[in-house]
Amino acid sequence: MYDGLYRYLAYRIPNRADAEDAVANTALLAWKNLAQHNADRGSIEEWMMGIAKNQVRMYWRNHRPCSSLNEIEHLFADDATPIDHIVNDQMTLERIFVELDSEQKALLALHYIDGIPYNDIALMFDATPTQLRKKVSRALHAIRNQFSFFVE
């Protein structure tokens, strides 16, 4: 019965380790509740497949895929960007970041992506907030000059 259970669960649970755990849980639950099996309602294989089906439900209940509204709100906008423009923009951003040195990347990521104020970043870099503002300003100026077609 292991092969059939494994095939059933592996097809429905994408992670191999989780599918193997579901097979083990199915066997354990079947063993613990063997006295509850009613032969009039079906064979032992059918009963175990019912337990396996519940394992799949439990897996997806606990691993429910979700996205925050902030991640997908642009899809509902009236001026939603077609996917090819999004891919091109992503590739351009990656190209921009390749051109930056590691300090510039870190400063831009800390300030614009993570939202950390210059005063806190200054403590990390052992610099003054004014120095960091200048470095970020210079990096942005270089990006604007090199990628004027992309940066507004």
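Bear in mind that the values in this text are calculations on the coordinates, not laboratory data. Bear in mind that the values here come from a model prediction, so they are computed numbers and not experimental data. All Cβ positions, even for glycine, are placed from backbone atoms using ideal geometry, and neighbour counts span all protein chains on display.
List every residue pair whose Cβ atoms lie under 7 Å apart, where the two residues are 6 or more positions apart in sequence or sit on different chains, the first residue falls within the range 90-102 and is surrounded by 10 or more Cβ atoms within 10 Å (Cβ to Cβ), and the second residue, located anywhere, is among the basic types (Lys, Arg) and in a helix (DSSP H, G or I).
Close Cβ pairs satisfying both conditions: PHE97/LYS105.
Pairs please, first residue from the range 121-134 and free of Cβ contacts under 8 Å to residues at least 12 places away in the same chain, second anywhere and charged (D, E, K, R) and outside any helix (DSSP H, G or I), Cβ atoms under 9 Å, 6+ apart in sequence or on different chains.
none
Count, please, the residues in the range 3-25 that happen to be part of a helix (DSSP H, G or I) and surrounded by 17 or more Cβ atoms within 10 Å (Cβ to Cβ).
Number satisfying all stated conditions: 8.
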